[in-house]
Amino acid sequence: MRSPTRLALATSCALALVSTPTAAWSADTPKAEGKTASTAKAAPVDCAKVKCIALTFDDGPGKYADKLLDTFKKYKSKATFFLEGQYVKSRPAFAKRMVAEGHDIGNHSYTHPHLRELSEDKIREELQKTQDIVKKATGKYPTTIRPPYGEFDTRVQAIATEMGMPIVLWNGGSRDWATKNETAIYNEVLKNAKRDGVILMHDWVEQTVTVMPKLLAALQKQGYHVVAVSSLRGFKDAKAGDVYPVGSEKDKDLSSESPTGDPEAYAESPADGL
Ligand SMILES: [Zn+2]
């Protein structure tokens, strides 16, 4: 803005706006003046005022992600996807669409290892490779980390701090990977739903994707706004290396919500169908 040309342009634009007031311009309050048209249009959900919940999807982009995105669009809702670098490499178009449609993207490592068993260099490599491939596919870097299996230690936290990202866990599960049953997934999510809750799901589980219209309709009927994690109350206070939601790392049931080392449970995940 220091360039004289730009300044002159900005001034003449302002003058043009002042001299030719439109209905929209005159209806605007002075406060809205500095905002771009897009921010003014997309009134963000204020989770301090309304009841919000975040549905989060790990291990993708999964092969059903496109269908899931269609559903979120239809229900005017936002999701959070914790992506694996290896599948962003296989399905860059899905990752690109997630970002383009305003969903949150987090880093779920490149190959889904147990980070606590890796050297610090390897942890960095798993996370940085994913940062880079997501940026390449979508134009944006992920802004949060969800470590595979929800497992981390002080080294992982220090590296997250170094990389400028909070660690996002969850405080409600769906057990979708275990039951693979629409009714069970639906009931489990509604049972665990709470204001500002973060629910763990997987977009490689077909039943999660097929039950989603019914689930979003039910949550909305209960008054929930289904938002991305970054819109939830308290998220803005989470600093790099912090765990969000606060206290979720102390919940011992959490790790049983994520597929563990069982290769059978995880085998259906993403690579097939390419
Ligand atoms: Zn995972």
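The values are calculated or read from the model by the stated rules, or taken from the named source; none is laboratory data. This structure is a prediction, so every number in the text was calculated from the model and none was measured. Please note: Cβ atoms are built from the backbone with ideal geometry, for glycine as well, and neighbour counts cover all protein chains shown.
Would you confirm whether any residue within the stretch 100-107 is farther than 26 Å from Asn171 by Cβ, out of contact with any Lys or Arg (no Cβ under 7 Å at 6 or more places or on another chain) and among the small types (Gly, Ala, Ser)? Checked the stretch 100-107: at least one residue is farther than 26 Å from Asn171 by Cβ, out of contact with any Lys or Arg (no Cβ under 7 Å at 6 or more places or on another chain) and among the small types (Gly, Ala, Ser). Scanning the stretch 71-93 for residues that are in contact with a strand residue (DSSP E or B) (Cβ under 7 Å, 6 or more places away or on another chain) and closer than 22 Å to Pro148 by Cβ, we see that the one that is surrounded by the most Cβ atoms within 10 Å (Cβ to Cβ) is Leu83. Within the stretch 188-215, if we keep just the residues that are touching a strand residue (DSSP E or B) at 6+ places or on another chain (Cβ under 9 Å) and among the charged types (D, E, K, R), the residue that is farthest from the ligand (Cβ to nearest atom) turns out to be Arg195. Are any of the residues in the stretch 128-137 more than 16 Å from the ligand (Cβ to nearest atom) and of a type in the set (Gly, Ala, Ser)? Yes: the stretch 128-137 contains one or more residues that are more than 16 Å from the ligand (Cβ to nearest atom) and of a type in the set (Gly, Ala, Ser). Output the residues belonging to the stretch 145-187 that are farther than 26 Å from Leu219 by Cβ, away from the ligand (no atom under 16 Å from the Cβ) and out of contact with any Lys or Arg (no Cβ under 7 Å at 6 or more places or on another chain). Selection gives Thr154, Arg155, Gln157, Ala158, Ala160, Thr161, Glu162, Met163, Gly164, Met165. Close contacts from the stretch 57-79, counting a first residue that is over 14 Å from Val227 (Cβ atoms) and assigned to a strand (DSSP E or B) and a second that is at pLDDT below 95 and hydroxyl-bearing (Ser, Thr, Tyr), with Cβ to Cβ under 6 Å and a gap of 6+ residues or different chains, come to Asp59/Ser269. Could you tell me whether the stretch 131-152 includes any residue that is buried (at least 22 other Cβ atoms within 10 Å of the Cβ), basic (Lys, Arg) and under 19 Å from Val205 (Cα atoms)? Within the stretch 131-152, one or more residues are buried (at least 22 other Cβ atoms within 10 Å of the Cβ), basic (Lys, Arg) and under 19 Å from Val205 (Cα atoms).
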